[in-house]
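The values are calculated or read from the model by the stated rules, or taken from the named source; none is laboratory data. Fair warning: this is a prediction, and the values are worked out from it, not measured in the lab. Please note: Cβ atoms are built from the backbone with ideal geometry, for glycine as well, and neighbour counts cover all protein chains shown. These accessible areas exclude ligands, DNA and RNA; they are computed on the full protein's heavy atoms, side chains included. Shrake-Rupley method; radii C 1.70, N 1.55, O 1.52, S 1.80 Å.
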Amino acid sequence: MKWSPDGQRIVCCGEGKQARVRCLLWESGSNLGEFDGISKIANSCDFRPVKPFLIITGSEDFQVNVYEGPPFKFKSSDRGHLNFVNCVRFSPDGKYFASCSSDARIVVHNAEEQIVVSECKDAEKAHKASVYAIDWSRDGHGLLSVSADRTAKLWDMCDITKPRLHQIFTFDMDPSLNQMQVGCACISESLITVSLGGTLNVLDQNQPKAPRTRIRGHCRSITAIAGSLESLFFSGSYDGQVSFWERKGIKSQAHLHDNGIVGLQVLGAELVSCGLDDVLVFSNNGGTKEVSIPLGAAPVCM
């Protein structure tokens, strides 16, 4: 979902049964055009920040579409990507827009003429796996991208016809799939990414091998909580994960159950948990399972 620069309109996209993209007046909900030419799920949309207004969309039919309005109607389409288009974003001055795809490419387009201007490349492609998100810096001189290859990359866009790789950020502290990078944002001078595991990463250009700050939490609804006398408290969520918290944030996390956690209880140095996987688990404060007891039925509370 994106707001228009004047704050009067909203464009949203997704898997709609009647329409995959809609633009509305936020006060009345009135429809502001027809978004034809999209045959599969629309993954991303953006509003041009300057007039004349344009809306761009990226979808799972490998297309980047441009609509002009309001009222908005189809203007052009680019079918250069070879896989799902995951994200589309206008530059801050509205002169260009970029698209990224599961074909591991990032393509830059001229917004006025709707033609391809250049492509961000590190060797043959922008990344080694699907590129999930991109975002321009506030001055338009940089473009941040994130990928399933567990990296984030900052591109120098000062020469829009020849984007240059400026820096690579890695997340080597955890080689698991949880460190696939699936979202990003350039906020003021800060570069922020989101990992598949739900961690927010604040990047530091002086320290590219690890995030400066990691903010972790639960990815699903929190269903249980318990405290201890050692300034620790524990929370469990619907995906079976338990987080061990200190005053300054999460100390550690552990996947203790295969289904939602129903109850948590602290017994001395041990944490006892029960879940909808019909198991009672005793673990230490580090999240290591010590004993698992089958219950034979789903617990209601503890």
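What FRET efficiency do you get for Lys251 and Thr170 if R0 is 22 Å and r is their Cβ-Cβ distance, rounded to the nearest 0.05?
Efficiency for this residue pair is about 0.40.
Thinking of the chain as a set of Cα atoms, what percent of all their pairs are more than 26 Å apart?
Looking at the chain, the distances longer than 26 Å represent 54 percent of pairs.
What do the square roots of 5 times the Cα gyration tensor eigenvalues come to for segment 129-271, in whole Å, largest first, as semi-axes of the equivalent ellipsoid?
So the equivalent ellipsoid measures 36, 15, 12 Å along its semi-axes.
Using just the Cα positions, wrap segment 42-115 in a convex hull and report its mean projected area in square nanometres, one decimal place.
Across all orientations, segment 42-115 yields a mean hull projection of 4.1 nm².
At a 4.7 angstrom Cβ threshold, list every cysteine in the chain that has nobody to pair with, or say none.
For the chain, the answer is Cys12, Cys23, Cys87, Cys100, Cys120, Cys158, Cys184, Cys186, Cys219, Cys274, Cys301, because their Cβ atoms have no other cysteine Cβ under 4.7 Å.
Tell me, what is the Rg over Rh of segment 196-302, with Rh the Kirkwood radius over Cα pairs?
1.04
Let's test this: bin the Cα-Cα distances of segment 105-158 at 5 Å from zero up to the farthest pair and state each bin's percent.
Pairs per bin, as whole percents: 4, 19, 28, 26, 16, 5, 1.
Using a basic spin-label model with each label point 7 Å from the Cα along Cα→Cβ, how many nm lie between Met302 and Arg220?
So the two model labels end up 1.6 nm from each other.
Report, to the nearest whole %, how much of the accessible area of the chain belongs to carbon and sulfur atoms, 1.4 Å probe, protein only.
Of the solvent-accessible surface of the chain, carbon and sulfur hold 51 percent.
Top to bottom by accessible area (1.4 Å), largest first, where do Arg214, Arg48, Arg220 land?
So the residues, ranked largest to smallest area, are Arg220, Arg214, Arg48.
Residue farthest toward the positive end of the dipole of the chain, with Cβ of Lys/Arg at +1 and Asp/Glu at -1: which of Gln179, Ala148, Ser190?
It is Ser190, whose Cα lies furthest towards the positive end.
Would you work out the relative contact order for the chain, in percent, from Cα pairs under 8 angstrom that are 6 or more residues apart?
RCO, the chain: 7 percent.
How much FRET efficiency would the formula 1/(1 + (r/R0)^6) give for Lys128 and Asp159, where r is the Cβ-Cβ distance and R0 is 25 Å, rounded to 0.05?
0.55
Could you report segment 70-147's accessible area per residue, 1.4 Å probe, as an integer in Å²?
Per residue, segment 70-147 has 43 Å² of solvent-accessible surface.
If R0 is 22 Å, what FRET efficiency do you get for Asn110 and Glu34 from their C-beta distance, rounded to 0.05?
0.35
When the gyration tensor of segment 1-147 is built from Cα positions, what are the square roots of 5 times its three eigenvalues, in whole Å, from largest to smallest?
24, 17, 13
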